[in-house]
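Colleague: One structure coming up, written as structure tokens, with questions to follow.
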Amino acid sequence: MAEFLTDIKTLRERARNQMGKGPVTDAYGADLPRVLQVLNEALATEIVCVLRYKRHHYTATGLYSEPVAAEFLEHAQEEQTHADMLARRISQLGGAPDFDPDTLSSRSHTPYDASADLIDMIKEDLIAERVAVASYTEICQWLGDKDPTTRRVFEDLLAQEEEHADDLRGLLERIARDRSLG
């Protein structure tokens with residue numbers, strides 16, 4: 001079997017000498033400043049999604065508004081969990097989570113939306129989820145095996161964003177079907 005592990009004495013010495021780096025060791029293979037930037041962009045994206053879903057939850061009106069508003073609220077809560085996961089990972093890597101409200105929308109991959117029509121709200125949220133899916137897929141591919149922990153964070157987010165997109169598509173289809181029957 002090929003040797004792959006640095007000798008234990010060296011590992012222990014490095015761990016002791018570089019304690020201030022927390023979990024970032026010499027084995028960390030990614031560009032840490034760029035990873036922190038990408039994480040903060042994703043954090044901004046999730047915060048903007050929370051705000052968009054909350055607005056849509058509170059302003060949804062019309063025949064289908066009750067179940068759709070409930071879905072918006074559920075998604076807002078899940079997006080908040082995503083933001084918390086990203087902020088935690090940024091901190092673990094020695095960075096500072098950027099919650100600056102003055103720059104949130106410019107750093108976000110998805111835009112804020114103030115639609116008044118229920119169908120437009122669903123469509124804008126679906127578009128935003130699709131942007132997040134595409135973005136997080138690229139991030140996972142970019143990270144590869146250079147930062148498997150951050151990649152797993154994004155994989156978890158990606159799975160839920162895909163679920164959100166499917167939920168929203170289903171809402172649009174259900175409303176269209178009901179309207180055609182009525």
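The values are calculated or read from the model by the stated rules, or taken from the named source; none is laboratory data. In this text the structure is predicted, and so the values were computed from the model without any measurement. Reconstructed Cβ throughout: ideal geometry from the backbone, glycine too, with neighbour counts over all protein chains shown. Calculation scope for accessible area: heavy atoms of the full protein, side chains included, ligands and nucleic acids excluded. Shrake-Rupley method; radii C 1.70, N 1.55, O 1.52, S 1.80 Å.
Colleague: Below 15 angstrom from the Cβ of residue 104, what's the summed charge of the other residues (Lys, Arg +1; Asp, Glu -1)?
Modeller: -3
Colleague: Another one. For the chain, what is the charge dipole size about the Cα centre, in debye to the nearest 20, if Lys and Arg each add +1 at the Cβ and Asp and Glu each add -1 at the Cβ?
Modeller: With Lys and Arg at +1 and Asp and Glu at -1, about 600 debye.
Colleague: Which one, 53, 93, 22, is farthest towards the positive end of the dipole of the chain when Lys and Arg carry +1 and Asp and Glu -1 on their Cβ?
Modeller: 22
Colleague: With every protein chain left in place and a probe of 1.4 Å, what is the accessible surface of residue 173, to the nearest 10 Å²?
Modeller: Spelled out: residue 173, probe radius 1.4 Å, area about 100 Å².
Colleague: Further, regarding this structure: Evaluate the distance, in nm, between pseudo-label points positioned 7 Å from the Cα of residue 74 and of residue 100 along their respective Cα→Cβ axes.
Modeller: 3.7 nm
Colleague: Taking 0.36 nm per residue of separation and subtracting the Cα-Cα distance, what length does fully extending residue 163 through residue 13 add?
Modeller: Details: separation 150, 0.36 × 150 = 54.00 nm, distance 4.50 nm.
Result for the pair: 49.5 nm of gain on full extension.
Colleague: Moving on to the next point. Under a cut-off of 16 Å between alpha-carbon atoms, report the aspartates and glutamates in cross-link reach of residue 146, not counting same-chain residues fewer than 8 places apart.
Modeller: Filter leaves 26, 31, 138, 155.
Colleague: Dimensions of the chain along principal axes (Cα, Å, largest first)?
Modeller: Cα extents, longest axis first: 74, 42, 21 Å.
Colleague: Something else now. Between 0 and 90 degrees, rounded to the nearest ten: what's the tilt of helix 32-59 against the longest Cα principal axis of the chain?
Modeller: 20 degrees
Colleague: What order, most packed first, do the peptides 24-37, 7-20 have when packing is the mean number of other Cβ atoms within 10 Å of each residue?
Modeller: Highest to lowest by the protection proxy: 24-37, 7-20.
Colleague: Next question, about the same structure. Just to confirm a number: summing +1 for Lys and Arg and -1 for Asp and Glu over residues other than residue 124 whose beta-carbon lies under 12 angstrom from that of residue 124, what do you get? Please list the in-between numbers first.
Modeller: Values: positive: 52, 55, 123, 130; negative: 113, 117, 120, 125, 129.
The answer is -1.
Colleague: Tell me, rounded to the nearest percent, the portion of alpha carbon pairs in region 104-182 spaced more than 18 Å apart.
Modeller: 53 percent
Colleague: So for the pair residue 31, residue 59, with labels modelled 7 Å out along Cα→Cβ, what separation do we get in nm?
Modeller: 3.8 nm
Colleague: Here's a follow-up. Taking a probe of 1.4 Å, how large is the accessible area per residue of region 1-108, in Å²?
Modeller: Result: 60 Å² per residue.
Colleague: Express the carbon and sulfur contribution to the solvent-accessible surface of region 60-157 as a percent, rounded to the nearest whole number, probe 1.4 angstrom. Walk me through the numbers before you get to the answer.
Modeller: Details: 2580 of 4970 Å².
For region 60-157, the apolar C and S fraction of the accessible surface comes to 52 percent.
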